[in-house]
Amino acid sequence: MPTKIKTCVCFIIACLFLISVNVHSQKITSLTRIGSVEIKKPVEIERSPFGLGCETLDRELWEPSEVYPFLEDLGVKWARLQTGWARCEQEKGVYTWEWLDEAVDGLIDIGIEPWFNVGYGNPLYTEGAARYHPLSSEEAFEAWKKFVVAMTKHYKDRMTYYEIWNEPNLGGFWRPDDPDPEKYVRLVAETAPLIRANDPDAVIAGGVTSRIPYDFIKACLDAGLADHIDIFSFHPYTTYPETYNDQIQALRTLLDSYKPGIELWQGENGYPSQPNSTGFTGEGPWTEMIQAKTMLRRLLLDCKLGVEMTSWFLVIDLHDYPKGSGRVNYKGILRAKPEIAPKPCFKSLQYLTSLVHGKVETRNSILYSGKEVFSESMIQDFRFGGKKNLCNLQSTVLNTANGPVLAYWVEDKARDSRVFDRVSLMLEDWEGNGFKNPVLIDPLHGEIFELPMLDIEGEGHQRKANSVQIFNTIPVSDYPLLIMETAIMD
């Protein structure tokens, strides 16, 4: 094909694509906007599955006094802190808690429950600080135990949850030797009793794996890990949040075979807002908007999968991380420079936590999906296999303090643009009668839209028919949209 013709063809295709995108992007405006999400503070929320990473204070990479004021208007209820042995004990046998007191008390004051990641070494006893475990020498291990006892006694009236070590399956966090499941379990087995002895109400988390490495986890469980912990935590970093769905379900089954009922926490997971970020090896592109969309998908998926607590890493971008590298970790929900300011991710987390809170559990329901307009008779086609659900649509129905929440989105790679298509959904609610007066909510932008009932002429977007509730040709995008009750606007 001659170059000029080829160029013209490409230009025409590009224009058609842009026209298509523009049409799709206008779909949500076919609904009437009737309000905005009301932001709730942590003190206004009794319970939530959502947490935020407030790590690296032990390395003095940010200051609570500069960041915590933003959290006063963010409805997360959990915050992960590192205990920082190296910062607490800079002279052998002498502990200073002021910096950690500031971090703990500041969170409690604004209604967020801190939980401790108890980990990392101390150059007074180990070859280095953050990445060195204390089992390298008898002196180091005895000093570690003394620190754990002193730390637990100091915080037992303010702290309940203690997580032991960080990502022991990675060589970068388990030095000076190679990762060793049996050695890690020994660390947990000798640390957990010290915490429990000095804080009878303590709840212990372990595992703390980077991703979900079956061989390492199985070896830890065979070595007795489940006997010492109440919670298994993991860090499922991935480009597509949905990639880990099957693995999380398999992990739950594996854990229950060793200790039925053990809780599962997603203790650290994030996504950068700019290229060249430290601490992330997935594929791009990376923008602030893509970061926000990915966060919404990850957190709601964890709720769907029965993860009791799901934490987003992290509160603010880390400049010069690791220290001395000159590099930046861009996974924060706040920008650090040129001044501290919220990213879209921060605003979306505000909206999500204000909407979805309480004891969040998957609702006993069935959801059918398709592109065409649904009729009442089509439910039998779905039930008996005559019609199949859309293969790239992810959805969940949750019970929350705000009533049922239906979240749905396409599993495509998140894009920087705001693009909408259309989908039809049919909800078969086995717990009740679905939604009484539903509205559509965009948690990325905090917008609430009317979902008019289908009228006699066929106009409208939702109706009830016998045992199902139909939502016809409603907007769908690459991030979750929510269907909830109008009562949230009261």
Exercise for the section: State yes or no: is residue 280 in the same structural domain as residue 346 (by TED's automatic domain parsing), at negative phi and touching a Leu at 6+ places or on another chain (Cβ under 9 Å)? Expected result: no
Completion exercise
Restricted to the range 275-294 and to residues being in contact with a Lys or Arg (Cβ under 9 Å, 6 or more places away or on another chain) and of a type in the set (Gly, Ala, Ser), the residue surrounded by the most Cβ atoms within 10 Å (Cβ to Cβ) is 292
Practice task
Only residues that are within 22 Å of residue 391 (Cα to Cα), touching a helix residue (DSSP H, G or I) at 6+ places or on another chain (Cβ under 8 Å) and part of a strand (DSSP E or B): list them for the range 417-438, please.
Solution key: 421, 422, 426, 428
Exercise for the section: Restrict the check to the range 244-267 and report whether at least one residue is touching a His at 6+ places or on another chain (Cβ under 7 Å) and in the same structural domain as residue 50 (by TED's automatic domain parsing). Expected result: yes
Handout entry: Single residue of 323, 331, 337 found to be touching a Pro at 6+ places or on another chain (Cβ under 7 Å), part of a loop (DSSP other than H, G, I, E, B) and assigned by TED's automatic domain parsing to the domain that holds residue 54
Key = 331
Practice task
Could you please find all residues in the range 122-136 being without any contact (Cβ under 8 Å) to a residue 40 or more places away in the chain and of a type outside the set (S, T, N, Q)?
Solution key: 123, 124, 125
Handout entry: Which numbered condition residue 146 misses (of (1) in a helix (DSSP H, G or I); (2) surrounded by 16 or more Cβ atoms within 10 Å (Cβ to Cβ); (3) of a type in the set (Lys, Arg))
Key = (2)
Practice task
Test residue 414 against the stated conditions and say whether it is under 26 Å from the mean Cα position of the chain (by Cα), small (Gly, Ala, Ser) and part of a loop (DSSP other than H, G, I, E, B).
Solution key: yes
Practice task
Could you look through the range 375-402, keep only residues that are assigned to a strand (DSSP E or B) and either touching a helix residue (DSSP H, G or I) at 6+ places or on another chain (Cβ under 7 Å) or outside the structural domain of residue 476 (by TED's automatic domain parsing) (or both), and pick out the one that is surrounded by the most Cβ atoms within 10 Å (Cβ to Cβ)?
Solution key: 398
Exercise for the section: Would you mind stating whether residue 322 is more than 15 Å from the chain's Cα centre (by Cα), modelled with pLDDT under 95 and buried (at least 17 other Cβ atoms within 10 Å of the Cβ)? Expected result: yes
Fill in the blank from the handout: Within the range 118-143, of all residues that are in contact with a Gly (Cβ under 8 Å, 6 or more places away or on another chain) and at pLDDT 95 or above, the one surrounded by the most Cβ atoms within 10 Å (Cβ to Cβ) is 134
Fill in the blank from the handout: Going through (1) part of a loop (DSSP other than H, G, I, E, B); (2) crowded, with 16+ Cβ neighbours inside 10 Å one by one, residue 158 fails only at (2)
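Condition first: at pLDDT 95 or above, more than 17 Å from residue 210 (Cβ to Cβ) and surrounded by 16 or more Cβ atoms within 10 Å (Cβ to Cβ). Can you find one or more residues in the range 264-273 that meet it?
Yes.
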Fill in the blank from the handout: (1) touching a Gly at 6+ places or on another chain (Cβ under 8 Å); (2) within 25 Å of residue 251 (Cβ to Cβ) all hold for residue 191 apart from (1)
Handout entry: Given (1) at pLDDT 95 or above; (2) among the β-branched types (Val, Ile, Thr); (3) surrounded by fewer than 20 Cβ atoms within 10 Å (Cβ to Cβ), index of the condition residue 360 fails
Key = (3)
Problem - Selection status of residue 415, free of Cβ contacts under 8 Å to residues at least 40 places away in the same chain and in the same structural domain as residue 366 (by TED's automatic domain parsing) - result: no
Practice task
Pick out the one residue from 441, 483 that is modelled with pLDDT of 95 or more, in a strand (DSSP E or B), out of contact with any helix residue (DSSP H, G or I) (no Cβ under 9 Å at 6 or more places or on another chain) and crowded, with 21+ Cβ neighbours inside 10 Å.
Solution key: 483
Handout entry: Index of the failed condition, residue 311 passing every other in (1) closer than 21 Å to residue 72 by Cα; (2) surrounded by fewer than 18 Cβ atoms within 10 Å (Cβ to Cβ)
Key = (2)
Practice task
Return a yes/no flag: does the range 109-119 have any residue that is assigned to a strand (DSSP E or B), of a type in the set (Asp, Glu) and in the same structural domain as residue 310 (by TED's automatic domain parsing).
Solution key: yes
Handout entry: Considering residues of the range 240-293 that are in a loop (DSSP other than H, G, I, E, B) and polar (S, T, N, Q) only, the residue farthest from the chain's Cα centre (by Cα)
Key = 276
Practice task
Count, please, the residues in the range 92-119 that happen to be in contact with a Ser or Thr (Cβ under 8 Å, 6 or more places away or on another chain) and under 20 Å from residue 267 (Cβ atoms).
Solution key: 7
Practice task
Please list, ordered by first then second residue, the pairs with beta carbon atoms under 6 Å, 6 or more apart or interchain, first in the range 301-322 and over 22 Å from residue 117 (Cα atoms), second in a helix (DSSP H, G or I) and not hydrophobic (A, V, I, L, M, F, W, C).
Solution key: 301/241
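The values are calculated or read from the model by the stated rules, or taken from the named source; none is laboratory data. These numbers come from a predicted model, not from an experiment. In this analysis, Cβ positions are derived from the backbone assuming ideal geometry, glycine residues included, and neighbour counts consider all displayed protein chains.
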